[in-house]
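Here is the structure we will look at, set down as structure tokens.
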Amino acid sequence: MDRLPLRTLGACAALLIGVTVGPVFASGALAWLLTLSVSAALTLLAWLLLDWWSLRKLARWVAAGDDREAPRGSGPVGELGYRIERAMRALAGRTLAEQRRLAQFLSAIEASPNGVLLLDAQDHIQWLNGVAAQHFGLDGLRDREQRITNLVRSPDFVAHLQSGRFDDSITFPSPQGDALLHVLVRRYGEDSKLVLSQDITERERSDTMRRDFVANVSHEIRSPLTVLAGFVETLATLPLTEAERSRVLVLMQQQTQRMQNLVTDLLALARLEAAPRPPADAWVDVAALLKHVESDAMASDGGRHALEVDFGGGGAVNGDETELFSAVWNLVSNALRYTPQGGQVRVAFVRREDGSAEFSVADSGVGIAKEHIPRLTERFYRIDSSRSRETGGTGLGLAIVKHVVQRHGGTLQVDSVPGKGSTFRILLPAQRVRAPLAETAVPSRALS
Ligand SMILES: Nc1ncnc2c1ncn2[C@@H]1O[C@H](COP(=O)(O)OP(=O)(O)OP(=O)(O)O)[C@@H](O)[C@H]1O
Ligand SMILES: [Mg+2]
């Protein structure tokens, strides 16, 4: 029932009691005075009781803190309830908005490619994202409130945290030892710490590769240059006979050729790295490609080896003709170079049942020991550098082959037995191989 009728009802009841009680205990004007006093006192009491009752309900509602509406009431208590309810709803709305913002903020940090870890003043973990958990080998839930130096025991990291000086970043191997971490610590709030971590394994690897590459190129160029400088000095200072002079010039030409080969191969690699993917709509005729390889091989070999080329029924492969030629040619020139005179070199193309195909180059040459095979495609890697240099090799040929093969979605396979020979295979996936038109054409219906 609404409070207003209740209050009216209370006042009426108080008046009734006053009217009944007044004349019983007094008469005349005194009776009226008594009636009014009793009625007023009882009305006040009834109203106070009602307010006390409403206050009690309001206090219970506030203590429960649930979503129900505040108890409705009239007068100041009703007004108070209404205002408290409004304030509580506004607060709940603000808290919810804050919670949403915090969740959004945390999920943004969670999506960061870097590790983010929050520590309190005593280096206890307060929060960390998944990347930090992975970098430091921590568990996002289990390890909260743990002191980080008890869990991440890398001496460099512990010493850095304990030093309290965080101007510089540090680099150390991850606790699992599979990555190199770059870590930056910053203070925030009341002596809390923000730890940012980044996996720089790849960056470090490519920096090392670049340094090695520059050192290798310099070394490769310096050697022929030193030899050339020596010859130039000989020509300038020594009185040589005509025969000696022409011998020196031949040797100088060899060194120049070596430098030219190196620059050509380096440029080929650079082009391969920068070039867009080979065209998807260009088809290279296998028979024509292998004929070209065969004629170049015969010209450069001068009959020193028994060379056999098998077109395997021909067909076409999808990709860049110059790149594919250079890949097959590199393998064939290696086979000729690393097979003693009188040996055999066999080049073949085979289309397989599943639609894929392979170019293979097999030789009966010196072969390659097992431990060298995984490193053959590294730039400047040579098993026997003196023999390779003797034959003008730069050690870049197989790096070029691997690049070309990868750009064409294929793989390079090497099988070799030292002393017996090697087989290099370029495997191309079915979608890059087409049978000769004669095989794929639909037979035309015979005219009757
Ligand atoms: N068919 C092969 N038989 C034996 N060893 C081989 C054969 N092919 C390659 N190798 C070894 O692998 C090394 C790397 O070959 P790669 O073709 O990359 O360089 P290269 O032949 O020395 O120089 P180039 O850059 O002129 O090709 C060679 O130095 C050689 O030792
Ligand atoms: Mg080679």
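The values are calculated or read from the model by the stated rules, or taken from the named source; none is laboratory data. A quick note: this is a predicted structure, and the numbers were derived from the prediction, not measured. Cβ placement follows ideal geometry from the backbone for every residue including glycine, while neighbour counts extend to all protein chains displayed.
Computed values, structure above
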item	result
Residue count, segment 3-54 (criterion: among the charged types (D, E, K, R) and either in contact with a Ser or Thr (Cβ under 6 Å, 6 or more places away or on another chain) or not in a helix (DSSP H, G or I) (or both))	1
All positions within segment 122-178 that are surrounded by fewer than 16 Cβ atoms within 10 Å (Cβ to Cβ), at positive phi and in contact with a strand residue (DSSP E or B) (Cβ under 8 Å, 6 or more places away or on another chain)	Glu145
Search result, residues across segment 392-412 that are more than 7 Å from ligand 1 (Cβ to nearest atom) and among the polar types (S, T, N, Q)	Gln406, Thr411
Of all residues in segment 394-412 being over 20 Å from Thr264 (Cα atoms) and in a loop (DSSP other than H, G, I, E, B), the one that is farthest from ligand 2 (Cβ to nearest atom)	Gly409
Hits in segment 297-327 - residues which are within 15 Å of ligand 2 (Cβ to nearest atom) and over 18 Å from Arg434 (Cα atoms)	Ala297, Ser300, Asp301, Ser326, Ala327
Number of the condition not met by Thr234 [criteria: (1) out of contact with any Ser or Thr (no Cβ under 8 Å at 6 or more places or on another chain); (2) surrounded by 13 or more Cβ atoms within 10 Å (Cβ to Cβ); (3) closer than 30 Å to Phe172 by Cβ; (4) of a type in the set (Val, Ile, Thr)]	(3)
Of all residues in segment 413-426 being assigned to a strand (DSSP E or B) and of a type outside the set (Val, Ile, Thr), the one that is nearest to ligand 1 (Cβ to nearest atom)	Ser422
Qualifying residue in segment 364-377 (condition: among the hydroxyl-bearing types (Ser, Thr, Tyr) and near ligand 1 (Cβ under 6 Å from one of its atoms))	no
Looking only at segment 336-350, and only at residues there that are β-branched (Val, Ile, Thr) and buried (at least 22 other Cβ atoms within 10 Å of the Cβ), the one that is farthest from ligand 1 (Cβ to nearest atom)	Val347
Test: residue in segment 315-335 that is assigned by TED's automatic domain parsing to the domain that holds Asp301, outside any helix (DSSP H, G or I) and near ligand 1 (Cβ under 10 Å from one of its atoms)	no
Selection count, segment 254-298, where residues are assigned to a helix (DSSP H, G or I) and either modelled with pLDDT of 95 or more or loosely packed, with under 11 Cβ neighbours inside 10 Å (or both)	17
